[in-house]
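Below is one structure, written out as structure tokens; the observations come after it.
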Amino acid sequence: MPNITVNSRDSSTPLGMTRITRRQATRLIGTATAGLMLPIDASRGQAKGELLAMLTRTIPSSGEKLPVIGLGTWRAFDVDLSADIRRRLADVLSLFVKLGGRVIDSSPMYGRAEEVIGDLTSTLGIREKLATASPSGGGVFLATKVWTQGKQSGIQSMERSMSLLRTNRIDLMQVHNLVDVNTQLATLQEWKQQGRIRYTGITHYESGALGEIEKLMRSQKFDFLQINYSLMEPEAEERILPLAQERGIAVIANRPFGSGDLFGKVRSKQLPGWAAEFDCRSWAQFFLKWIVANPAITCAIPATDKPRHLEDNMQGGIGRLPDAKMRRRMAELVSSL
């Protein structure tokens, strides 16, 4: 595995892919936009002083609502928990909950991420706090994946994920990158009937897999689809996202910053003044609001291991969203860079 600096702006980038780091992005964007990130208090309406809640979307198969911004764990949580790292990641998770987050997505493919999430959420008592505070009583929404060949191997993988996450029930279990998808989906349906998982799903990170995904959406029954979708990779909106709405499938958007490449495109560029029309004050919020403004998207999952970046990301799910005309304007701006 190449030694790549953690990019805390993405959750599902394949091994070996070159990415721009968040630190590099901040340097490239420059001081012109450095002051555009909102502090926690920015979620308060300036006119009336009220606290603005995170926007939510409904899971079609159940009616349960989820916040539109979640937390990915690729690379950011695949770490050894030294005291300093533990403290920083604990701050990230605590702030995530404080700002209205619920969905935490992981995978056996992500090294130690499941173990780290299980350790920290258990130690911090986050699940219990969220279960009490959440209107749905649902607490943290844990999503992970099965990534192996064969029925028994899949069962063993899911059992291990539960153990690492320190839970007896997973909210969402997904077939990672469609590996042995029919075999694993059959097991997922069995586990759902048994109450061991609440929702089933499939994932992939390559646009080249969209054809196979479409076939599965038409032939198989599952609750969630996780795919790459961003201003850098919008291909899914042509056929997949409309089909998801038609078939009643929730959609999680991974790689919301195009593996970090979007920050490279806006290097040294000031955020346009018209971004304020949809309560946007940073490029990260610009990219996230474009995604979640699509009604087919249930949740976007940027990853981060830094509280400041987490805070910025969460603002992408607060306040007004761009309408269809504005989204076209946003896409035109980015494509022109």
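The values are calculated or read from the model by the stated rules, or taken from the named source; none is laboratory data. What you are looking at is a predicted structure, and each value in this text was computed from that prediction instead of being measured. Glycine gets a Cβ as well: all are built from the backbone with ideal geometry, and neighbour counts include every protein chain shown.
From the list Gly211, Gly264, Gly260, Gly273, which residue is in contact with a helix residue (DSSP H, G or I) (Cβ under 7 Å, 6 or more places away or on another chain) and farther than 21 Å from Val68 by Cα?
Gly264
Of everything in region 62-81, what is of a type in the set (Ser, Thr, Tyr) and buried (at least 17 other Cβ atoms within 10 Å of the Cβ)? Give them in sequence order.
Thr73
Return the residues of region 49-75 that are assigned to a loop (DSSP other than H, G, I, E, B) and under 15 Å from Glu311 (Cβ atoms); say none if nothing qualifies.
Leu52, Met54, Gly70 - these are the residues of region 49-75 that are assigned to a loop (DSSP other than H, G, I, E, B) and under 15 Å from Glu311 (Cβ atoms).
Quick one: how many residues across region 173-186 are part of a helix (DSSP H, G or I) and touching a strand residue (DSSP E or B) at 6+ places or on another chain (Cβ under 8 Å)?
Residues that pass the stated criteria total 6.
For region 310-325, name all the residues that are of a type in the set (Lys, Arg) and assigned to a helix (DSSP H, G or I).
We begin by selecting, within region 310-325, every residue of a type in the set (Lys, Arg); these are 320, 325.
Of everything in region 310-325, just one residue is of a type in the set (Lys, Arg) and assigned to a helix (DSSP H, G or I), namely Lys325.
Name every residue in region 319-337 that is under 23 Å from the mean Cα position of the chain (by Cα) and charged (D, E, K, R), in order of residue number.
Result: Arg320, Asp323, Arg327, Arg328.
Let me confirm something: among Tyr199, Tyr110, which residue is at pLDDT below 95 and aromatic (Phe, Trp, Tyr)?
Being at pLDDT below 95 and aromatic (Phe, Trp, Tyr) holds for just one of Tyr199, Tyr110, which is Tyr110.
Tell me yes or no: at least one residue of region 121-140 is among the hydrophobic types (A, V, I, L, M, F, W, C), modelled with pLDDT of 90 or more and either surrounded by 20 or more Cβ atoms within 10 Å (Cβ to Cβ) or closer than 26 Å to Trp191 by Cβ (or both).
No, that holds for no residue.
Out of region 159-181, which residues are of a type in the set (A, V, I, L, M, F, W, C) and under 22 Å from Ala209 (Cβ atoms)?
Across region 159-181, the qualifying residues are Leu172, Met173, Val175, Leu178, Val179, Val181.
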